[in-house]
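The values are calculated or read from the model by the stated rules, or taken from the named source; none is laboratory data. Remember, predicted model here, so these are calculated numbers, not experimental data. The protein model used for the area step is the full one, side chains on, heavy atoms only, and it has no ligands, DNA or RNA in it. Shrake-Rupley method; radii C 1.70, N 1.55, O 1.52, S 1.80 Å.
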Amino acid sequence: MTAVVLLTVGPVLLLLSGAVALNVRGAARGLESWAAANHARVMQARGELGPSYTAPSARFFRRVATLVVMCGLVFTLGGCLELL
């Protein structure tokens with residue numbers, strides 16, 4: 001049962017995070033602009049009209065996604081070892 005979970009979660013992490021890590025179709029840039037727009041909406045809802053904070057950059061999202069890809073690889077390999 002554990003192998004099934006690991007072999008399901010691992011490839012999902014690999015595919016989705018890999019798209020961000022490799023910036024496929026501008027995924028990291030999209031997350032960067034989404035974070036900035038979301039923060040601007042929150043600031044406006046609070047009524048704060050001051051300068052916005054610095055949103056996480058695309059480089060930050062790509063590095064975090066790379067770590068998640070490594071976790072997905074570990075999960076996938078762990079699932080394969082469970083099957084043996």
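Here the accessible area of the chain is 69 percent carbon and sulfur, with a 1.4 angstrom probe and all protein chains present. Look at the alpha carbon pairs under 8 Å that are at least 6 residues apart: their mean separation over the length of the chain gives a relative contact order of 55 percent. Once the 1.4 Å probe is applied to the protein heavy atoms, the chain comes out at 73 Å² accessible per residue. Taking mean projected area of the Cα convex hull in nm² as calculated from this structure, the corresponding entry among (i) 6.8; (ii) 5.5; (iii) 6.0 is (i). Of the residues Leu16, Leu73, Leu49, the one that moves most in a GNM of the chain with alpha-carbon contacts below 10 Å is Leu49.
Over the chain, dividing the summed -39,500 (n - 2.57) contributions of all DSSP H runs of at least 4 residues by the number of residues returns a 222 nm mean residue ellipticity of -27500 deg cm²/dmol. Full extension of the chain segment joining Leu77 with Arg46 gains 6.6 nm, where the gain is 0.36 nm per residue of separation less the Cα-Cα distance.
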